[in-house]
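A short worksheet on the structure shown next.
Each reported figure results from applying straightforward, stated rules to the coordinates on display, with no laboratory input. Only a predicted model underlies this, so the values are computations on that prediction, with no experimental measurement involved. Positions of Cβ are generated from backbone atoms using ideal geometry, with glycine treated the same way; all protein chains shown enter the neighbour counts.
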Amino acid sequence: MARLDAVPPLAIARGEGPWLIDMDARRYFDATSSWWVNLFGHSDAGLHQAIAKQAGTLPHVMLAGCTHAPAVELAEGLRALTGGQLGHAFFGSDGASATEIALKMSAHFWRNQGLPDKCEFIALAGGYHGETLGALSVTDVPVFRDAYAPLLRATHLAPALHEQGALEAIEALMQQLDGRCAALIVEPLIQGASGMRMHGPELLADLRALCTRHGVHLIADEIAVGCGRTGRFFAWDHVEGQRPDFVLLSKGITGGTLPLSVVLTTDAVFNAFLSPEVARGFLHSHSYTGNPIACAAACEVLRRFRETDLLQQLPVQAEHLRSAFLPLAAHPRVTGLRQTGTVLAFDVSNPGERFAERFHLAARRHELLIRPIGATVYLMPPYLLNEALAGWLARQVQAVLDEVLAQAPNTGADPAHA
Ligand SMILES: *Cc1c(COP(=O)(O)O)cnc(C)c1O
């Protein structure tokens, strides 16, 4: 992303745990996990070791006609985490490519069933699924989309799940599309890029039932919310019973070390592509598909979830975050304090001009790297919180907020605090 920016970039020299250290040896707490990718902190020894070992054994080999241990181990590890329900993994290189893969695979699945017109997609208002053309087509965040709108394929937009009557509207849209809808794509539990908008897991169970009833694939984009952010490994683990037809993982899957994405899917989808006919096969490749070093890092991430008490620790860390930020709920300019797992967000009323930029700059002076989305301040820290650190974070955020708001006095016109 390039724009003429008033904010000079920080020159970061190294990372240590949750801290980033700049060239002048100043430190910043990485409160957004470097755009939601980091899990265990920076320069994690286990990840470093896994990467170094793989780099010295087999840095790369094409995944067409060849396979290798890290790819197999990763696919099997993820399969196990879905209770065998999503037993097939297709590798991509980043989040956006995972979205592209799932959309193509869904439409091609229906084509292989003799339904070539079943190729429309439903996306939800405020959803974010990446910025390549296909992914942007199902993204509804104007700042990323508007300049490229003429290049994009039309998508059918339904209300986001936290909006009243969303499921009824989605069902109406499916009926209107009359069998031509291939898939619906959703960010489960948290819509990230449009401002950390949250909904409960019970809506996901209803959405699953709706998709099944209308023969529509359900694509869960867990690129941001997967890998433990919501307190379980998958956000969908909060839903009892059935799973989506596709789950997309990226970002945290390598602990924030290397680009990799994975599209997980079912036997039914996999089997639809098994054919000697080339036209029925799923042709999608990237040069670095299933890169062994990236897969080795991801295997280390899975090992951490499997062999340590991380999944027991996450709710404890979430509770530290909750209790530390609780006093902020009484702040006269704070509304909508909300949390899912270790993701915490709130909105600022009457934020004033260029709030996000002013907050970001003030935060830097308080040893915090944090980038609000509009007037929404959020934290998505690495999984290293203890009570003291959570308390420090809350105090810093409060100080930054008061400093920034002192420059934008409350006009008193805000209905939320009238
Ligand atoms: C970040 C993100 C993407 C895109 O991933 P990239 O690796 O940036 O292409 C897609 N979906 C969601 C929900 C994301 O948060």
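Give me the distance between the Cα centres of segment 75-119 and segment 179-235, rounded to whole Å. Cα centroid of segment 75-119 versus Cα centroid of segment 179-235: 15 Å apart.
Annotation: the antiparallel percentage among DSSP beta bridges lying fully within the chain is about 65. Net charge of the neighbourhood of L136, taken over other residues with C-beta under 14 Å away and scored Lys/Arg +1, Asp/Glu -1, is -4. Here each label is just a point 7 Å from Cα along the line to Cβ, and for A64 and F282 those points are 1.6 nm apart. Charge tally for H238 (other residues, Cβ to Cβ under 10 Å; Lys, Arg +1; Asp, Glu -1): -2.
This ranking places W19, W35, W236 by how few other beta-carbon atoms lie within 10 Å of each, fewest first, which gives W35, W19, W236. Scalar couplings 3J(HN,Hα) for segment 13-21, obtained by applying the Karplus form with A = 6.51, B = -1.76, C = 1.60 to θ = phi - 60°, are 8, 7, x, 9, x, x, 9, 10, 10 Hz; x denotes Gly and Pro. For segment 116-125, putting each phi into the Karplus relation 6.51 cos²θ - 1.76 cosθ + 1.60 with θ = phi - 60° gives couplings of x, 7, 7, 9, 9, 10, 9, 10, 9, 4 Hz, in residue order, rounded to whole numbers and with x for Gly and Pro.
Cβ-Cβ distance of L326 and A408, R₀ of 25 Å, FRET efficiency by 1/(1 + (r/R0)^6): the value works out to about 0.55.
Against the chain, whose longest principal axis is taken from its Cα atoms, helix 387-406 shows a tilt of about 70°. Ranking of K104, K118 by neighbouring Cβ atoms within 10 Å, starting from the fewest: K104, K118. Here is the tail figure for the chain: Cα pairs spaced more than 27 Å apart come to 53 percent of all pairs. Residue farthest toward the positive end of the dipole of segment 47-307, with Cβ of Lys/Arg at +1 and Asp/Glu at -1: which of I253, G200, A69? So the residue we want is A69.
Each listed q (0.14, 0.17, 0.20, 0.23 Å⁻¹) maps to a log10 I(q)/I(0) for segment 277-340 from the Debye sum over equal C-alpha point scatterers, namely -0.72, -0.79, -0.87, -0.98. Charged neighbours of P259, selected by a Cβ distance under 15 Å, balance to -2 (K, R count +1; D, E count -1).
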